[in-house]
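The values are calculated or read from the model by the stated rules, or taken from the named source; none is laboratory data. Please read these numbers as outputs of a predicted model, since none were measured by experiment. No Cβ is skipped: glycine too gets one built from the backbone with ideal geometry, and neighbour counts run over all protein chains shown. Side chains included, ligands, DNA and RNA excluded: accessible areas come from the protein's heavy atoms. Shrake-Rupley method; radii C 1.70, N 1.55, O 1.52, S 1.80 Å.
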Amino acid sequence: MFGGGQGAVLSSCETEAGGGVVWRVFQDSVMLIAVSRGGGKEEQVRLRRLLENVWSCMVLVLGQDELVHVKNVERLKKELRSCFSLIDLLLEEKLEGILGSLTHCADSLLPPNASVLQETVDGFARAADSEFGCLIVHGRIASATEKWWRLAPQEVILLSAFVRSLSSSGSASCDYPVFLPQGSPTVAHRLLRFQLLPGADVCVLCGPTPPLHEAEAQLVGRFWSPLVETLRECLALGERCLPGSVTLRPDVLALLLINRETRRSVCCVQMFPHHHTLSKTRRWELLRSFYTFSTSRYFSQEEAACGPPEERALVGDFLQGFSHQPQQCYLVTEECKSFGLQTPQHQLFLLSPPDVPTFALRTVATQTLLLLPLMN
Amino acid sequence: MTGVPHAGSLVVSDWHRCPDSKEYFSKILHKKRRKRFGLLESPVMPPHVPVDTVHYKIFLSGKSGVGKTALAARLAGLNIPTVHHETTGIETTVVYWPVKLRESGRVLFFRLQLWDCGENALRRFDHLLPSCKDQVDAVLFLFSFTDRTSFDDLSNQITKWTESSAGCVKVVVGTKFDLFMHCDVSGREVRDFQEKWSLPVLRTGGEVTDVLGDVAPILNCLSENLWHQDCVTAGSLSRPSQPETTAL
Ligand SMILES: Nc1nc2c(ncn2[C@@H]2O[C@H](COP(=O)(O)OP(=O)(O)OP(=O)(O)O)[C@@H](O)[C@H]2O)c(=O)[nH]1
Ligand SMILES: [Mg+2]
């Protein structure tokens with residue numbers, strides 16, 4: 001703040017005890033500050049993401065006007081309370097197997113009957129006067145209309161998180177005004193959500209029509225009743241997110257696959273055959289931190305290149321010194337070995353047991369990439 | 001004057017305690033908790049026990065923080081939120097509740113869809129209230145025992161709704177009855193209010209110890225009043241119903 005008057009930009013600092021403080025001013029109006037226990041480059045990347053996501057949550061619920069043209073600070077403070085549930089969701093990041101707020105790629109589930117679901121989502125959205133429709137199973141996108149995928153990646157992630165929080169409350173349907181942080185920050189759309197089965201929700205973004213009860217009474221049954229069994233099959237995939245036909249190598253403990261073009265991702269943890277030493281929770285933690293490690297040092301995150309200058313500066317010094325991009329990277333720790341692989345279209349991050357020879361990791365990764373559906 | 005049925009005059013109160021209700025209530029339970037139903041699901045009875053389901057739309061009215069979202073969750077047997085997160089739009093919750101009609105002995109599943117909209121969202125967005133009001137069958141007016149103003153405002157609220165939605169059922173629910181240490185509304189005032197408006201007034205709050213018993217008074221009362229209203233509308237009850245038993 002002191003430096004700001006002199007035109008200097010300071011955007012983060014570390015405490016002596018190793019904690020980190022990161023801040024950013026949005027729209028010349030609101031400054032968000034994140035404080036965390038851990039410091040270091042990885043933590044900074046995570047905190048910057050968090051700030052951006054929190055700001056977007058605020059816009060999603062309140063709209064940008066409310067936040068930028070502040071007439072009465074006390075009132076704004078009160079209104080901000082309505083974003084708390086969504087912000088809490090991001091802060092906790094408890095939900096295992098959901099990495100979207102970190103990767104800004106949509107957590108997806110690859111359903112066995114993809115084409116039927118696609119047709120139904122398309123038809124349902126059209127009937128609700130909308131081009132934006134999406135089916136979310138276990139908090140992950142199972143199918144969505146083409147236009148839904150054209151929303152900004154961050155909006156896709158936030159809407160998924162929003163639907164997830166609404167869905168977990170157990171309510172049957174809802175009609176929420178939402179602002180799209182990038183596509184429509186000042187005009188609210190309506191997000192209609194219907195819980196088809198517990199854990200399976202369909203939603204559409206629409207204008208003034210149709211009313212909630214009308215869409216529910218006339219469209220939900222007509223489009224989705226014939227698909228009850230298909231939806232149950234999707235639900236049965238559980239956290240694995242992959243069709244049953246895909247058999248992973250036994251030496252894969254966890255993986256995250258990103259399609260860099262479509263900005264979709266799948267991730268899963270494989271608990272069998274037995275590697276009891278690492279709990280599921282720990283595997284998710286390790287996968288998260290390996291992702292942050294790789295992308296803050298070696299691989300670029302797609303949007304980072306066009307993000308704010310502070311963020312660009314974070315893409316490792318390593319990267320900036322070279323004209324080419326690293327294709328692979330690995331990290332060996334006592335707990336596990338991690339390998340990252342990058343092609344023009346995909347990024348794959350996986351964890352293997354420590355007893356897998358380091359030279360074999362590349363083979364494990366390339367073979368796994370060939371096995372996986374590529375989300376094109 | 002259609003009046004309000006005396007509690008237990010049309011439906012069997014505490015039916016969930018009777019042995020003959022078991023096969024019906026088992027359809028809304030799963031592992032001793034309330035079962036969750038998606039929109040594509042409903043309780044299924046075996047083919048030789050045909051049961052009709054009657055659908056109703058119920059609006060929860062009351063100021064921010066009074067406990068609308070918590071009540072909806074309670075009535076559906078869902079996790080009750082412990083911190084207050086404003087509801088920023090409309091959320092509906094579906095509750096299935098089996099009811100036995102006193103006179104005919106007929107059993108019905110009531111499908112009560114509770115419409116809950118955050119008070120501040122209602123104020124910020126004009127299109128939400130009309131959507132909640134459209135074809136509404138009943139309004140639950142909530143006040144909190146810990147918030148005097150929410151009780152004082154009831155009369156206003158009820159008058160407003162009586163003007164705009166004449167035929168709909170009205171029930172008053174006092175929330176946070178468990179927080180008696182901070183009680184701001186006396187039992188006497190509640191009785192006076194009840195007499196003046198001749199509307200059912202119920203209480204709720206606290207830990208849920210009995211899955212069905214916790215919600216039965218509210219759900220039975222609501223169902224009974226809705227059924228009564230339907231009968232009146234259909235003309236089968238031209239005079240106020242006579243109580244068969246003395247209601248409490
Ligand atoms: N002890 C106790 N707390 C309650 C009861 N009902 C609600 N609460 C608490 O009161 C707070 C507000 O409840 P909500 O149900 O979220 O309030 P609301 O009416 O939906 O508020 P808006 O959505 O803002 O309009 C929450 O922290 C609840 O846990 C109750 O019966 N007893
Ligand atoms: Mg609420």
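A few notes on this one:
- Where a label projected 7 Å from the Cα of A:Glu92 along Cα→Cβ would reach, residues of the stretch B:15-54 with amide N under 20 Å: B:36
- Full extension of the chain between B:Lys133 and B:His30 yields a length gain of 33.8 nm, computed as 0.36 nm times the residue separation minus the alpha carbon distance.
- Shielded by partner chains, the stretch B:13-62 residues - at least 40 Å² of accessible area, 1.4 Å probe, vs chain alone: B:Arg36, B:Leu39, B:Leu40, B:Glu41
- Gyration tensor (alpha-carbon) shape descriptor, chain B, a/c threshold 1.5: rounded
- Of the accessible area of the stretch B:51-234, computed with a 1.4 Å probe over protein heavy atoms only, carbon and sulfur atoms account for 50 percent.
- Accessible area in square angstrom per residue, the stretch A:48-97, 1.4 angstrom probe: 49 Å²
- Cα centroids of the stretch B:39-60 and the stretch B:198-222: 20 Å apart.
- Among A:Glu16, A:Glu335, the sequence by solvent-accessible area, most first, with a 1.4 Å probe is A:Glu16, A:Glu335.
- Cα-based Lys proximity count in chain A, under 26 Å, for pairs eight or more positions apart or on separate chains: 6
- Residue-averaged beta-carbon neighbours from other chains (10 angstrom radius) around A:220-233: 1
- Measuring heavy-atom accessible area with a 1.4 angstrom probe and counting protein chains only, the residues of the stretch B:89-119 that give up at least 50 Å² relative to the chain alone are B:Ile90, B:Glu91, B:Thr92.
- Accessible area buried between chains B and A, both sides summed, probe 1.4 Å, in Å² to nearest 100: 2600 Å²
- Positive-pole candidate from B:Pro19, B:Phe145, A:Leu374, dipole of the protein assembly as shown, charges at beta carbon: B:Pro19
- Distance between modelled label sites at B:Cys231 and A:Leu32, nm, 7 Å Cα→Cβ extension: 5.7 nm
- Net charge dipole size for the stretch A:9-94 [Lys, Arg +1 and Asp, Glu -1 on Cβ; Debye, nearest 20]: 100 debye
- Averaged over A:57-68, number of beta-carbon atoms from partner chains that fall within 10 Å: 1
- Overall form of chain A per C-alpha gyration tensor (a/c, 1.5; a/b vs b/c): oblate
- When the charge dipole of chain A is built from unit charges on Cβ atoms (+1 for Lys and Arg, -1 for Asp and Glu) and taken about the Cα centre, the candidate among A:Gln27, A:Gly133, A:Phe290 whose Cα reaches farthest toward its positive end is A:Phe290.
- When DSSP beta bridges are restricted to pairs lying wholly in the stretch B:87-193, around 60% turn out antiparallel.
- The C-alpha atoms of the stretch A:178-295 occupy a region whose extents along the principal axes are 52, 38, 25 Å, arranged from largest to smallest.
- Rounded to the nearest 500, the helix-only mean residue ellipticity at 222 nm of chain A stands at -11000 deg cm²/dmol, with each DSSP H run of n ≥ 4 adding -39,500 (n - 2.57).
- Contact residues in the stretch A:148-170 by the 30 Å² criterion (accessible area, 1.4 Å probe, full protein complex versus chain alone): A:Ser169, A:Gly170.
- Alpha-carbon centroids, the stretch A:332-360 and the stretch B:87-110: separation in whole Å: 54 Å
- Projecting label points 7 angstrom from Cα along Cα→Cβ for A:Val70 and B:Val49 puts them 6.0 nm apart.
- Of B:Val51, B:Leu75, B:Gln157, farthest towards positive along the dipole that unit charges on Lys, Arg, Asp, Glu beta carbons give the stretch B:44-178: B:Val51
- The magnitude of the dipole of chain A, with charges of +1 and -1 set on the Cβ of Lys/Arg and Asp/Glu and taken from the Cα centre, is near 280 debye.
- 10 Å Cβ neighbours from other chains, averaged over peptide B:218-225: 0
- Here the stretch A:245-285 has 58 percent of its accessible surface on carbon and sulfur atoms, given a 1.4 Å probe and all protein chains in place.
- Taking packing as the residue-averaged number of other Cβ atoms within 10 angstrom, the listed peptides A:192-204, B:211-223 run from highest to lowest as A:192-204, B:211-223.
- Each label was represented as a point 7 Å from its Cα along the Cα-to-Cβ direction; for A:Glu16 and A:Arg126 these points are 6.8 nm apart.
- For chain B, the 222 nm mean residue ellipticity estimated from helices alone, with every DSSP H stretch of n ≥ 4 adding -39500 (n - 2.57) and the total spread over all residues, rounds to -8000 deg cm²/dmol.
- Looking at the protein assembly as shown alone, DSSP beta bridges between its own residues are antiparallel in about 75 percent of cases.
- Sorting A:Glu79, A:Glu334, A:Glu239 on solvent-accessible area from highest to lowest, probe radius 1.4 Å, gives A:Glu334, A:Glu239, A:Glu79.
- Note on B:Arg188 and A:Val187: with the Förster distance fixed at 60 Å, the Cβ-Cβ geometry gives a FRET efficiency of about 0.75.
- Cα shape, the stretch A:118-205, gyration tensor, a/c 1.5 rule: rounded
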